[in-house]
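A.B. asks: Got a structure for you, written out below as C-alpha cells; questions coming shortly.
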Amino acid sequence: MQTIIQKDRFLNYIENTNHPFKNLQIQALERFNKISLPPSYHESWRKINLNLIPFNSLKLVDAELQTNITSQYTITDPSIIEKFLMLNIDSSKAESYHFEVDYFTLLNVALLQNIHLIQVPSNTKEQIKITHKAISGDGFFPFVVIITKEGSEVEILQQIEGIEEQALWNSTVYILAEKNSRVKFVSVRNHTDYEFHFHKIRVIQHKDSYVHTAIFHTGGITGKGFLQARLLEENIEFRGIGFFFGEKGHFHNMEMDVQHRNNYETSSLLYKTIVKDRAHSVFIGKLETPHKIKGVNSHQLNHNLILSKKAKAESMPWLIVRSEDVSCEHGATAGDLDEEAIFYLQTRGLTEKEAKRLLMMGFIYDLIQETHLSEEEKDAYIENLSNKL
Amino acid sequence: MNYILELIDLHVEVEGKEIIKGINLQIPYGEIHAIMGPNGSGKSTLSYTLLGHPKYKVTKGDIKFEGESILNLTTDERARRGMFLSLQYPTQIPGVTTMNFLRNVIKSFYGDVPIRELREKVNSAFDKLQMNKDFLARYVNDGFSGGEKKRHEIVQMRLIQPKFAILDEIDSGLDIDALRIIAENIQEMKSPQRSMILITHYQRLLNYIEVDKVHIFMNGNIQFSGGKELALELEQKGYEQILSTVK
C-alpha cells in the first residue's frame with residue numbers, strides 16, 4: 001500500500017521554511033514517500049488500527065507547538081544535531097544501534113517544528129524540565145536529544161499537553177547515557193479524547209551507566225508508545241516503568257523493548273494500566289539477550305486493572321534469550337478492584353467511589369514514588385489523575 | 001428501654017445458603033455483649049451483615065440502629081451513622097500508606113482536619129496502643145503481624161469514636177501483652193453512649209473487659225444468654241455440656 005501522505009503536500013512547505021535542517025527534512029520526506037504505513041502483520045503494529053488516523057483531513061503543518069526547556073546546557077551545534085536526525089532517517093549508519101527507521105520516525109523528522117539538544121558536561125548535576133504544549137493546529141512533531149557525559153547525573157521531566165481538537169502527535173526523545181552517568185527521566189503525557197499519538201523514547205547506554213525512565217500516559221483516541229533501550233557495554237542498569245489510564249474509547253499500545261548487548265547488565269520493566277468504559281490497553285514487553293553474554297538479569301511485570309466489562313487489557317511478553325548464563329522472568333496480572341478492600345474502606349466511612357479511587361491511587365503509588373518528581377509534582381499528578389478516576 | 005441495636009427475627013443467606021436463622025437481640029446503650037460460639041456457627045456472618053456486606057443477604061427480619069431500620073443503608077452510611085466493625089482478618093491495602101488511609105478515614109467522619117491536628121490525633125492513638133509509628137509509612141496491614149493488625153483496628157476505633165462497635169475475634173493471635181493493651185483500650189472506650197459486641201472464643205479477654213451479657217451462638221442463632229460468669233463456665237465445660245444442661 002502506498003503511503004497516504006504524498007510528497008507534494010509537504011515539499012513546498014518544508015522548502016519555504018527557514019529551518020536549518022531542511023535538507024535533512026527533505027531527505028526524510030523522500031524516504032517517507034517510499035514506504036507505507038506499518039503493515040498489520042508486523043508484530044509491533046498488529047494490535048493497532050492505523051486506518052483510523054484521518055490523514056486526509058489533517059493539515060499537519062503550520063501548527064503552533066510551544067516548547068520550553070529549562071537547562072543551561074542546550075546546544076545548537078548543527079553537526080551534532082544532524083547526527084541524531086540522520087539516525088532517524090538512515091538505518092545503515094553504524095551509530096543507529098539498529099533502531100528501526102519506520103513510517104512514524106521519518107514523518108517525525110520530515111515535519112518536526114523544533115529540535116532541542118541538551119548536552120550535560122562531565123561530572124555535572126542537572127535538573128531539566130521540558131514542556132510541549134499544543135497551542136493551535138493539528139500536527140505536533142517535537143524532537144529532543146539529551147546527552148549525559150561521563151560521570152554526570154541528570155533528572156529530566158518532560159510534559160506533553162494535548163489540544164482539544166483532532167490532532168496527531170509524533171515525538172522522539174533520545175537519551176544517550178555515556179560512561180558512568182546516571183539519568184532519571186519522567187514523561188507525563190496528557191492527551192485529549194481527540195488526539196492520535198506516536199511517541200518514541202530511545203535510550204543508549206554505555207559502561208557503568210544507570211537509566212531510569214517513567215512514562216505516565218492518559219487519554220488519546222489511538223496511539224502507540226515505544227521505549228527502546230540498547231545496553232551496549234558492561235555493568236549497565238536500566239529500569240523502565242509506565243502507566244496508562246484509559247477511559248471512554250481510548251486505545252494505547254505500549255511497547256517496551258530492551259536489548260542487552262554485553263555482560264553483567266540488569267534491566268527491569270514494570271507497566272501498569274487502569275482501563276474503564278471501552279478503553280483498550282496493549283502492553284508488549286520485549287527482552288533480548290544475544291549469544292555468548294553472561295551475568296544478565298532481566299525481568300518484566302505488567303499489572304492491569306480492568307474496571308468495566310467492555311474495557312480490555314492485553315499483555316504480550318516477548319523474551320528472546322540466546323545465552324545460557326542469564327536470568328529472565330516475566331509476569332502479568334489482570335483483574336478488578338478487590339471487593340473485600342472496598343468493603344473494608346466503606347466500613348471506615350468512605351463511599352464506594354472514594355474507596356475505589358483510593359485503591360486505584362494505591363495501584364500506581366509505587367510507580368510515582370519511584371520517580372524523582374518533587375512531592376508537589378507528585379501531589380499535582382495524583383490530584384489530576386484522581387479527578388479522572 | 002432504649003436500644004442502640006435491635007435484631008428482629010433476622011435471617012441471612014450467603015450464596016443461597018441460610019446461615020443466620022431468626023436472631024432476636026437487643027443491646028441497650030452503654031452495654032458490652034460478648035458472643036461466643038464454635039467455628040462456623042455464623043458469628044462472623046452476623047458481623048458482616050450488620051455492616052451491610054453485599055454478599056450477605058437479609059431474607060427476613062430487620063436490623064434497627066438507634067430505632068431505625070438500616071437495611072437500606074450502604075456500608076459507609078452505616079459506618080457514618082456510628083457503626084464500626086473490626087474484622088477478624090483485617091484487609092491489606094497495598095499502595096495505600098497507613099497515614100494516608102487514616103487521613104481519609106478521619107476525613108470521612110470529621111471533614112478536612114488540619115495536618116498538625118491530624119498528626120496529633122494519630123500519634124495519640126498509636127501511643128495508646130503502644131504501636132510503632134513506623135507503621136504509618138507502611139501500606140495498610142501489608143506485612144503487619146496478626147497482633148499489629150489488631151492494634152491497628154483499635155487505633156481506628158479510637159480515631160473514629162463510633163457509637164457501636166463489633167469486634168470480631170479482636171483477641172485472636174495476640175500475645176499476653178498485646179491482649180492486655182488492646183483489652184484495656186476497649187475497656188477505656190466503654191461509655192454510656194457507646195455499646196459493643198465482642199465476638200470471641202476465649203474467656204481470657206473478659207478478664208480485662210467488663211461485659212454485661214454473654215450469648216452462646218450455635219447453628220445460626222443465639223441458643224442461650226447469661227452474665228459474665230457464663231463465659232467462665234463455657235470454658236470449663238464446653239458448648240455441648242452447657243447446652244445440654246439448659247435443655
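The values are calculated or read from the model by the stated rules, or taken from the named source; none is laboratory data. Because the structure is a prediction, the values reported are computed rather than measured. As a convention, Cβ positions derive from the backbone with ideal geometry for all residues, glycine included, and neighbour counts pool all protein chains shown. With ligands, DNA and RNA removed, areas are computed over all heavy atoms of the protein, side chains included. Shrake-Rupley method; radii C 1.70, N 1.55, O 1.52, S 1.80 Å.
A.B. asks: Open to solvent by 50 Å² or more (accessible area, probe 1.4 Å), within 10 Å of chain A (Cβ to nearest Cβ) and either closer than 30 Å to B:T49 by Cβ or not in a loop (DSSP other than H, G, I, E, B) (or both) - does that describe any residue in region B:110-123?
C.D. replies: Looking for residues that are open to solvent by 50 Å² or more (accessible area, probe 1.4 Å), within 10 Å of chain A (Cβ to nearest Cβ) and either closer than 30 Å to B:T49 by Cβ or not in a loop (DSSP other than H, G, I, E, B) (or both), one finds at least one in region B:110-123, hence yes.
A.B. asks: Restricting attention to region A:129-153, which residues are surrounded by 22 or more Cβ atoms within 10 Å (Cβ to Cβ), within 18 Å of the chain's Cα centre (by Cα) and over 16 Å from A:I115 (Cβ atoms)?
C.D. replies: A:A134
A.B. asks: If you don't mind, another one. If a residue must be more than 8 Å from every other protein chain (Cβ to nearest Cβ) and surrounded by fewer than 21 Cβ atoms within 10 Å (Cβ to Cβ), how many such residues does region B:73-88 contain?
C.D. replies: 5
A.B. asks: If you don't mind, there's one more thing I want to ask. Condition test on B:L129, is it within 14 Å of chain A (Cβ to nearest Cβ), within 21 Å of the chain's Cα centre (by Cα) and not small (G, A, S)? So that I can check it myself, show each step before the final result.
C.D. replies: Details: within 14 Å of chain A (Cβ to nearest Cβ): no; within 21 Å of the chain's Cα centre (by Cα): yes; not small (G, A, S): yes.
No; evaluated as a whole, the condition is false for this residue.
A.B. asks: Something else: Taking region A:318-333, which residues are under 15 Å from A:Q300 (Cβ atoms) and more than 14 Å from every other protein chain (Cβ to nearest Cβ)? Break it down into steps so the answer makes sense when it comes.
C.D. replies: Our first condition is that a residue be under 15 Å from A:Q300 (Cβ atoms); within region A:318-333, this holds for A:318-321, A:326-333.
Within region A:318-333, A:W318, A:L319, A:I320, A:V321, A:V326, A:S327, A:C328, A:E329, A:H330, A:G331, A:A332 meet the criteria.
A.B. asks: Could you figure out which of (1) modelled with pLDDT of 95 or more; (2) crowded, with 16+ Cβ neighbours inside 10 Å isn't true of A:C328?
C.D. replies: Looking at each condition in turn, A:C328 falls short on (1).
A.B. asks: Please work out which residue is farthest from the other protein chains (Cβ to nearest Cβ), limiting yourself to region B:89-102 and to residues that are surrounded by 19 or more Cβ atoms within 10 Å (Cβ to Cβ) and polar (S, T, N, Q).
C.D. replies: Taking the candidates together, the pick is B:T98.
A.B. asks: Separate question: Output yes when any residue across region A:309-316 is among the basic types (K, R), under 21 Å from A:M254 (Cβ atoms) and more than 9 Å from chain B (Cβ to nearest Cβ), and no when none is. Please lay out each step first, then the result.
C.D. replies: Of region A:309-316, the ones among the basic types (K, R) are A:309-310, A:312.
In the following step, the residues that additionally are under 21 Å from A:M254 (Cβ atoms) were identified as A:310, A:312.
Still in the running and more than 9 Å from chain B (Cβ to nearest Cβ): A:310, A:312.
Yes, that holds for at least one residue.
A.B. asks: Inspect all residues belonging to region A:225-235 and state whether any of them is among the acidic types (D, E) and closer than 21 Å to A:A177 by Cβ. Walk me through it before giving the result.
C.D. replies: Going residue by residue through region A:225-235, those that are among the acidic types (D, E) are A:233-234.
Going one step further and asking which of them are closer than 21 Å to A:A177 by Cβ, we end up with A:233-234.
Yes - at least one qualifying residue is present in region A:225-235.
A.B. asks: Does region A:314-322 contain any residue that is open to solvent by 20 Å² or more (accessible area, probe 1.4 Å), part of a loop (DSSP other than H, G, I, E, B) and within 14 Å of B:P54 (Cβ to Cβ)?
C.D. replies: No: zero hits.
A.B. asks: Okay, moving on. Tally the residues that are more than 16 Å from A:Q158 (Cα to Cα) and surrounded by 15 or more Cβ atoms within 10 Å (Cβ to Cβ), restricting the search to region A:371-381.
C.D. replies: 0
A.B. asks: Take the residues of region B:198-216 that are over 20 Å from B:L50 (Cβ atoms) and charged (D, E, K, R): which is least open to solvent (accessible area, probe 1.4 Å)? So that I can check it myself, show each step before the final result.
C.D. replies: Within region B:198-216, the first condition is being over 20 Å from B:L50 (Cβ atoms), and the residues that meet it are B:202-204, B:206-208, B:210.
Within this subset, residues satisfying the condition of being charged (D, E, K, R) are B:204, B:210.
On the way: B:R204: 84, B:E210: 100 Å².
Result: B:R204.
A.B. asks: Something else about it: Quick one: in region A:351-388, of everything that is β-branched (V, I, T) and out of contact with any helix residue (DSSP H, G or I) (no Cβ under 7 Å at 6 or more places or on another chain), which residue is nearest to the other protein chains (Cβ to nearest Cβ)?
C.D. replies: We begin by selecting, within region A:351-388, every residue β-branched (V, I, T); these are A:351, A:364, A:368, A:371, A:382.
Checking which are out of contact with any helix residue (DSSP H, G or I) (no Cβ under 7 Å at 6 or more places or on another chain) leaves us with A:364, A:371.
Numbers: A:I364: 7, A:T371: 15 Å.
The residue in question is A:I364.
A.B. asks: Out of B:I70, B:I63, which single residue is more than 13 Å from chain A (Cβ to nearest Cβ), at pLDDT 95 or above, touching a helix residue (DSSP H, G or I) at 6+ places or on another chain (Cβ under 6 Å) and under 30 Å from B:N2 (Cα atoms)?
C.D. replies: On the way: B:I63 fails: touching a helix residue (DSSP H, G or I) at 6+ places or on another chain (Cβ under 6 Å).
Going through B:I70, B:I63 in turn, just one is more than 13 Å from chain A (Cβ to nearest Cβ), at pLDDT 95 or above, touching a helix residue (DSSP H, G or I) at 6+ places or on another chain (Cβ under 6 Å) and under 30 Å from B:N2 (Cα atoms): B:I70.
A.B. asks: Let me ask something else about it. Here is a check on your reading of the model: is A:F343 at the interface with chain B (Cβ under 9 Å from one of its Cβ atoms) and touching a residue at least 60 places away in the same chain (Cβ under 8 Å)? Even if it seems obvious, please write down each step before you answer.
C.D. replies: Numbers: at the interface with chain B (Cβ under 9 Å from one of its Cβ atoms): yes; touching a residue at least 60 places away in the same chain (Cβ under 8 Å): no.
It is false that A:F343 is at the interface with chain B (Cβ under 9 Å from one of its Cβ atoms) and touching a residue at least 60 places away in the same chain (Cβ under 8 Å).
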